Amino acid sequence: MAKLSTEARLARPDDVYARLIEAYRDLDEAESHKLSAKLILLLANHIGDPEVLEEALAVARGEAEGT
């Protein structure tokens, strides 16, 4: 059983953050929601493990122990 990794793994997190912010620049609310949905589905598919996705959802919602 895979487990969600929440430790820092990005070599350049500030660059990743800047790229995410740039991806949303000049989008209206509907376009922003569409981009978020597409990105979430692409990354969920990349993860591919339903248990890891459930854990990620719980952490993101603040429902996981210790969040």
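The values are calculated or read from the model by the stated rules, or taken from the named source; none is laboratory data. None of the values given here were measured: they were computed from a predicted structure. Here the Cβ positions follow ideal geometry from the backbone for every residue, glycine too, while neighbour counts run over all protein chains shown.
Worth pointing out:
- Which numbered condition A11 fails, given (1) modelled with pLDDT under 95; (2) more than 14 Å from the chain's Cα centre (by Cα): (1)
- So L27, is it surrounded by 10 or more Cβ atoms within 10 Å (Cβ to Cβ) and within 13 Å of the chain's Cα centre (by Cα): no
- In region 10-20 there is at least one residue that is free of Cβ contacts under 8 Å to residues at least 24 places away in the same chain, among the hydroxyl-bearing types (S, T, Y) and surrounded by 11 or more Cβ atoms within 10 Å (Cβ to Cβ).
- Flag for S32 being among the hydroxyl-bearing types (S, T, Y) and either within 14 Å of the chain's Cα centre (by Cα) or not in a helix (DSSP H, G or I) (or both): no
- Near pairs, Cβ below 6 angstrom, 6+ apart or cross-chain, from region 42-66 (without any contact (Cβ under 8 Å) to a residue 24 or more places away in the chain and surrounded by 10 or more Cβ atoms within 10 Å (Cβ to Cβ)) to any residue that is assigned to a helix (DSSP H, G or I) and of a type in the set (G, A, S): L53/A44; A64/A58
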